[in-house]
Amino acid sequence: MKQSGCESKRRNASNHSSPRRSGIARRMALALMAATLLITPAARADRTKLKPGWNLFSPQQDIELGSKVSKDADRQLPMCNDPQVDAYLNRLGRRLAEQAPTGGVQYPFQFKCVNDRAINAFALPGGFVYINRGAMEAADDEAQLAGVMAHEISHVALRHGTNQASKGAGWQLGLGALGAMMGSNMVGGLLTQLGGFAANSVLLKYSRTDETQADIMGTQILYDSGYDPRALAQFFEKLQAETKGKNPPEFFSNHPNPDHRIERVDEEIDKLGGPPKNYKSDSAEFHEAKKRLLAMPPPRKRPGAAAPGGGKRPGPASDNMADYDGTGFTIKYPDNWQKNGEGNAVSFAPEGGILQDSNGQPALAYGVIINLAEVHGDPASETALEDSTNQLIQGLERSNPGMKLARAHERMRLNGERALSTYLSSDSPAGGRETDWLITVVRPDGLLYLVCVAPETEYDEYGRVFERMLDSVRFKK
Ligand SMILES: [Zn+2]
């Protein structure tokens, strides 16, 4: 179940319904993206100047978003939880981050070791950096580890995660709807769509241009921190050489390998005037941390932890309900389900309830989505509910090809208010078809809609939970 692109509405939205807006915004985005990679005149043999591309989010929202997603990542990933290793990573990482040009923004950089042997690392917006033990164990010296970390820090400083989200790269909301969400609900809206941390989240989908930029800035950071700037390229060379004929390292699935990666880094070192004098390559601390990791057992398998998109069915919903306090309503939901989003844009899903659709994008397969759409016509009129519901369904059909009406509108009451119940059917990200039970009600701030989603074959099991949740809805006066 994807949300409608053009019908979504947030408070304080203006002009978002103009169909021309997204075209203009997209052209602006392309023009600004083209201006991102600024190279100063060659005569000065100066370093490449880089700055963040077009972004709908503010740097503060990068931090807010990264902080929320990182809480989820901490729960889902097998963390090393070794205070000595993490302290070392933070000392090294903050020293490097001091050299990153952030345009005056103070990102609260933090670095954590993940107990995963795959050679990989990633950074969430706002400075939340995760380094697999595999990357630390594969590094020969501190400079190589610093190279990987400087690359990740550069993704943060260049704001690549939210830049990709802003461009709506594969994200189900159109740019127009994204523009309409600007303001306080941006982060909540994006979180609702993301459904928390997923390893292939849109926030970690970098382009090859992003990768080249992170390599160049990473090399500059190494140079400015007094490390051998060749270490970044050396590490990539090593990854490539070690995996000849085998599967490519996981690093390249998060960070797509641009053409001429090593040559481009060497070029930048030339621009910087070669390696700095008395550069650092290694430290005793690095080898101490590496020794601790090599002695660390692999993570214990956590029962019931389903990998995102792993195809595992969610466990049963708890009978105990948690409270959600929305902008204009409250609702109860099973306390073993996860809430994503805030205000009037929120979803509730069991663990494993958010999967990837055929395009690899996160999509809710089990759970409830709540959102606000536009009211068409006079909200006080008799026909506003029906007309607005029809418009919403058309929008949902556009963003969910294959969606069909399964049962036409029926009148119902939601906490005493006039509401419509409509059953839709669409392709489930879990395979087969899903039932989407849509409930709409006109509220002072728009058309509030709830979509209860489950695969057709399992819908009976979830119907009881959905009924309970709907019975618990209370509108604020
Ligand atoms: Zn990268």
Margin query: Anything in the range 325-336 that is closer than 20 Å to ALA373 by Cα and either modelled with pLDDT of 90 or more or among the aromatic types (Phe, Trp, Tyr) (or both)? List them, or say none.
Written below: ASP325, GLY326, GLY328, PHE329, THR330, ILE331
Check: Of all residues in the range 357-373, which are in contact with a Pro (Cβ under 6 Å, 6 or more places away or on another chain) and at pLDDT below 80?
Finding: ASP357, ALA363
Notebook entry, point to check: PHE111 passes all but one of (1) in contact (Cβ under 8 Å) with a residue 40 or more places away in the chain; (2) surrounded by 22 or more Cβ atoms within 10 Å (Cβ to Cβ); (3) among the aromatic types (Phe, Trp, Tyr); which number fails?
Noted result: (1)
Note to self: So, in the range 112-170, exactly how many residues are under 26 Å from GLU268 (Cα atoms), in contact with a Lys or Arg (Cβ under 8 Å, 6 or more places away or on another chain) and more than 13 Å from the ligand (Cβ to nearest atom)?
What the structure shows: 8
Next item on the list: Test ALA306 against the stated conditions and say whether it is part of a loop (DSSP other than H, G, I, E, B) and at pLDDT 90 or above.
Entry: no
Margin query: The conditions are (1) under 19 Å from ALA284 (Cβ atoms); (2) touching a Cys at 6+ places or on another chain (Cβ under 9 Å), and ASN132 fails exactly one of them. Which is it?
Written below: (1)
Margin query: One residue is enough: does the range 204-223 have a residue meeting the conditions more than 15 Å from the ligand (Cβ to nearest atom), at pLDDT below 90, part of a loop (DSSP other than H, G, I, E, B) and crowded, with 20+ Cβ neighbours inside 10 Å?
Written below: no
Note to self: Among the listed residues ALA384, ALA408, ALA430, ALA419, identify the single one that is small (Gly, Ala, Ser) and closer than 19 Å to TYR333 by Cβ.
What the structure shows: ALA419
Notebook entry, point to check: How about the range 265-284: which of its residues are part of a helix (DSSP H, G or I) and either out of contact with any helix residue (DSSP H, G or I) (no Cβ under 6 Å at 6 or more places or on another chain) or surrounded by fewer than 17 Cβ atoms within 10 Å (Cβ to Cβ) (or both)?
Noted result: ASP266, GLU267, ILE269, ASP270, LYS271, ALA284
Note to self: Just checking, does the range 432-449 include any residue being assigned to a strand (DSSP E or B) and free of Cβ contacts under 8 Å to residues at least 12 places away in the same chain?
What the structure shows: no
Next item on the list: Please list, ordered by first then second residue, the pairs with beta carbon atoms under 6 Å, 6 or more apart or interchain, first in the range 203-229 and within 12 Å of GLU268 (Cα to Cα), second assigned to a loop (DSSP other than H, G, I, E, B) and among the polar types (S, T, N, Q).
Entry: ILE216/THR48; ILE221/GLN99
Notebook entry, point to check: Which pairs have Cβ atoms under 7 Å, sit 6 or more apart or on different chains, and link a residue in the range 247-273 that is within 10 Å of the ligand (Cβ to nearest atom) to one that is part of a loop (DSSP other than H, G, I, E, B) and among the hydroxyl-bearing types (Ser, Thr, Tyr)?
Noted result: HIS255/TYR206; PRO256/TYR206
Item checked: Of the criteria (1) within 24 Å of the chain's Cα centre (by Cα); (2) at pLDDT 90 or above, which one ARG230 fails -> (1)
Next item on the list: Could you list all residues from the range 292-302 that are surrounded by 12 or more Cβ atoms within 10 Å (Cβ to Cβ) and not in a loop (DSSP other than H, G, I, E, B)?
Entry: ARG292, LEU293
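Looking only at the range 381-411, filter to residues that are part of a loop (DSSP other than H, G, I, E, B) and modelled with pLDDT of 85 or more; which one of those is surrounded by the most Cβ atoms within 10 Å (Cβ to Cβ)?
Selected residue: MET403.
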Next item on the list: Could you check, for the range 444-452, whether at least one of its residues is under 27 Å from PRO314 (Cβ atoms) and either among the charged types (D, E, K, R) or modelled with pLDDT under 90 (or both)?
Entry: no
Checklist line | Positions within the range 415-454 being of a type in the set (Phe, Trp, Tyr) and out of contact with any Leu (no Cβ under 7 Å at 6 or more places or on another chain), in sequence order | finding: TYR423, TRP437
Note to self: I'd like to check which helices (runs of 4 or more DSSP H) are fully inside the range 8-97 and have at least 2 residues that are at pLDDT 90 or above.
What the structure shows: 59-76, 83-97
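The values are calculated or read from the model by the stated rules, or taken from the named source; none is laboratory data. What you see is a predicted model, and the numbers here were worked out from it, not measured in a lab. Every residue, glycine among them, receives a Cβ derived from its backbone with ideal geometry; neighbour counts consider all protein chains shown.
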